[in-house]
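The values are calculated or read from the model by the stated rules, or taken from the named source; none is laboratory data. Please read these numbers as outputs of a predicted model, since none were measured by experiment. When we count neighbours, we look across all protein chains shown, and the Cβ atoms used for this are built from the backbone with ideal geometry, even at glycine. Note: areas computed on protein heavy atoms with side chains; ligands, DNA, RNA excluded. Shrake-Rupley method; radii C 1.70, N 1.55, O 1.52, S 1.80 Å.
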Amino acid sequence: MIRLGSAAGARSPRRLATACLLLSLCTASLKADDGYDLWLRYRLVTDSSRLREYRASITALVMRGESPTIRVARAELLAGFTGLLGAEIPLERDITRDGAVVAGTPAGSALISALGLAATLGTVGDDGFVIRAVRIGARPVIVIAANHDIGVLYGAFHLLRLLQTHASLDGLSVTSSPRIQRRLLDHWDNLDRTVERGYAGASLWDWESLPRSVASRYRDYARANASVGINGTVLTNVNANAMLLTPPYLAKVAALANVFRPFGIRVYLTARFNAPMEIGGLASADPRDPGVRRWWKRKSDEIYRAVPDFGGFVVKANSEGQPGPQDYGRTHADGANMLGDALTPHGGIVMWRAFVYSNEVPVDRVKQAYEEFVPLDGTFRDNVMIQVKNGPLDFQPREPFHPLFGAMPRTPLVMEFQITKEYLGQDTHLAFLGPLFEEVLHAETYAHGAGSTVGRVIDGSLHGYRRTGIAGVANIGTDRNWTGSQFNQANWYAFGRLAWDHTQRASDIANEWVRMTFSNDPAVIATTVPLMLHSREAVVNYMTPLGLAHQMARGHHYGPGPWVTGGRADQTSVYYHHADTLGIGFDRTRTGSNAAAQYFSPLREALADRATVPDAYLLWFHHVGWLERMRSGRTLWDELVFRQTAGVDSVRAMQHAWQSLEGKIDSARFDEVRRFLVIQEHEAKWWRDAMLLYFQTFSRLPFPAGTEAPAHPLSFYRELRCPADARRPRCELVY
Ligand code: GCU
């Protein structure tokens, strides 16, 4: 614990060591760069004029209070200043010199309450903060002020980010508050420590040793989340295990919640719908059964005894074989409301997922969630939210936004993104998801005319939702670098930053992440930011261009499998591409499934019309002839070849660009990225070759002159088998 003391006392080596211990930061920084420190590296500012400015502007920290969150914020600021300024910054009781940083709440600090910030603070809510360069007496100071301690912590991270990115402190004036209340990570972690669709090692949660042994990494995890404003974590897989709700596991959950609490992070759990039967000994899980309802009420009371600030439940019901209310002839609303009622006395919420697809194969799977949920709008309890994936299919490299956004004005919708890149090359392929998130959040739903963006649906401003939320399926595991690759860290970061403010640009987020994570060297920024911003489009191009979707191999979803047939039709590739000798694409216009009609006018008409549909969604909505002309002037077949080849070429350009940074980035991280780009180049070509050779059996057209020849015949790709390990489905590609 750091106590207030004299300037001289605060400079003691012991005090620095304490700050280091608190943050496990300084020790980490002595080790080789392996990515563990994420974007919170706090290395010495390399720009000498900025360093001079910072040293003059930040000479001491004046910060009182002993709440757990204030202690965390203070330790963070001290460690950050020490690292970035290369000098220990003393903790002082009062302002004794120019250049103090004064941080706190009006309630906790007389200095702050005397500043006249009440009106501004009145606009920033529970989590927001104000940072200002002001004078106290005659002395210039920097103030971090907030209504609550958690806002002070968020403000502390913001100020440190400014230093990390070499921003000027001149005339500093920041007022910031999150647009969305619940900003969550959803872990698809199982109790045996496997992670569904996880590509970064095992689950962080060591259930076996909890609650007795509490790993320091839990704290580092919470700190990283708090640094981007994430304030909730759903610990477990949506394909839930009822054991989680038994007393031994609740004690383990409570131990994690205790670690996370100072960082403003609440814990949520996934609820298995038939838990009353599996662990409660009841004969039914019918939501109308009074015994079942009582069971959930008691279970909720028990959870809140263990975790008083428990956030609530996430539920996947009647989807992919999970139990749910429809097993008893009840609706999703019946199920969700029963859980809502159980949580109401404690202030908890239910996030009921709209990712449903039933046992009967529908004409068009992408229509199902809308058809099931829109009729239920307005029938959910006040504390029930519906959690909707960004697109109507399943986290594809590109999908149109989900038509439920805008279509449920009386039910708050939670956005669900997937940060773990199940369908975008998993750990190895470099795909920065900022542009994907931005594309969805900025998309126009036209629910109330122009300006009705998806972002405004989920931030509540469009329909006046009282509760708001956004969730990202986490990409975090026990790998030393947390996320399986260095660049996958950027997706965690970008999710958090956009969850805070969805109007931000992916390009700005990439810029600050590069500066914080790699370097402020202009050459590194000028090379890495564009590389990141183009990377997702490269993946779209070599995997599923022009609105194609779900062409991944069955099960692991890593490599190409456009030929996948058999089993459940809507889990096959042929169901989605509809290729035949005439053309390719899923007709979702009136002559087909009419899914386009689920969107609002004028988008609906634009998507349904071959003349106006954007190329990016062409084959999502239309079956198009192989020789039809595209906007580019090329035929569809030539365009497909062009796009998939362009995807491979982009990866080669990424390799080239990265290589130019040798010597400008520490060798361990440089080399890891370099090696992954080699794999990505091979696999981009694998995707291109397999897709084109397969679709050529339908188009029966030659590749345009000058096209790079496929490395192998189609049979080679069709026979390629990936290892059984679903978490590392590296296929043996021999070139
Ligand atoms: C995808 C994913 C599954 C997951 C499901 C879901 O289909 O492949 O592993 O369970 O989404 O979101 O529920």
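Values computed for the structure shown
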| read-out | value |
| --- | --- |
| Cα centre as origin, Lys/Arg/Asp/Glu Cβ charges: the range 449-562 dipole, Debye | 320 debye |
| Modelled label reach - residue 246, point 7 Å along Cα→Cβ, the range 267-287 residues with backbone N closer than 16 Å | 272, 274-282 |
| Values of log10 I(q)/I(0), in the order q = 0.05, 0.06, 0.12 Å⁻¹, for the chain under a Debye, Cα-only, solvent-free model | -0.26, -0.37, -1.41 |
| Per residue accessible area in Å² of the range 467-526, where ligands, DNA and RNA are left out and the probe is 1.4 Å | 21 Å² |
| Dmax and Rg, reported as Rg then Dmax, of the range 55-138 (C-alpha, Å) | 13.0, 36 |
| Global form of the range 346-496, assessed from the alpha-carbon gyration tensor, a/c cut-off 1.5 | prolate |
| Surface accessible to a 1.4 Å probe, per residue, for the residues of the range 167-225, Å² | 38 Å² |
| Whole-number accessible area per residue in Å² for the range 84-154, which is evaluated in the context of all protein chains at 1.4 Å | 38 Å² |
| Filtered trypsin sites (Lys or Arg not before Pro), the range 630-701: DSSP coil and at most 11 other beta carbons within 10 Å | 631, 700 |
| Förster radius 30 Å - calculated FRET efficiency between residue 501 and residue 569, Cβ distance, rounded to 0.05 | 0.15 |
| For the range 328-465, size of Cβ-based charge dipole, Lys and Arg +1, Asp and Glu -1, in debye | 120 debye |
| Carbon plus sulfur fraction of accessible area for the range 486-541, probe 1.4 Å, in percent | 51 percent |
| Surface share of carbon and sulfur [accessible, 1.4 angstrom probe, percent] for the range 29-171 | 53 percent |
| Neighbourhood charge, 11 Å Cβ-Cβ cut-off, centred on residue 274 and excluding it, Lys, Arg +1 and Asp, Glu -1 | -2 |
| Full-extension gain in nm, residue 283 to residue 363, via 0.36 nm per residue minus C-alpha separation | 25.3 nm |
| Rounded to 10°, Cα long-axis angle of helix 68-85 versus longest principal axis of the chain | 90 degrees |
| Positive-pole candidate from 86, 111, 129, dipole of the range 75-135, charges at beta carbon | 111 |
| Calculated FRET efficiency for the pair residue 120/residue 628, C-beta based, R₀ 56 Å, to 0.05 | 0.45 |
| For the chain, with +1 on Lys and Arg beta carbons and -1 on Asp and Glu, the positive-most of 620, 322, 633 along the dipole | 322 |
| Helix 488-500 vs. the chain, principal-axis angle (Cα, 0 to 90°, nearest 10) | 70 degrees |
| Amide H contacts under 5 Å for residue 349, placed H, 5+ residues apart | 312, 313 |
| Kirkwood Rh in Å, taken over the range 647-730 so that all alpha-carbon pairs contribute | 15.0 Å |
| Probe 1.4 Å, all protein chains present, accessible-area order of 53, 605, largest first | 605, 53 |
| The chain, relative contact order [Cα under 8 Å, separation at least 6], % | 11 percent |
| Helix 636-659 axis, angle to the chain major axis (alpha carbon atoms, nearest 10°) | 30 degrees |
| Full-stretch length increase - residue 52, residue 442 - with 0.36 nm per residue and alpha-carbon distance subtracted | 136.4 nm |
| Distance (nanometres) between label positions extended 7 Å along Cα→Cβ at residue 612 and residue 719 | 5.1 nm |
| Electrostatic dipole magnitude of the chain [Cβ: Lys, Arg +1; Asp, Glu -1; Cα centre; debye, to 20] | 1700 debye |
| R0 of 30 Å, Cβ-Cβ distance residue 660-residue 34: FRET efficiency to nearest 0.05 | 0.85 |
| Summed side-chain charge close to residue 188 - residues other than residue 188 whose Cβ falls under 11 Å, Lys, Arg +1, Asp, Glu -1 | -2 |
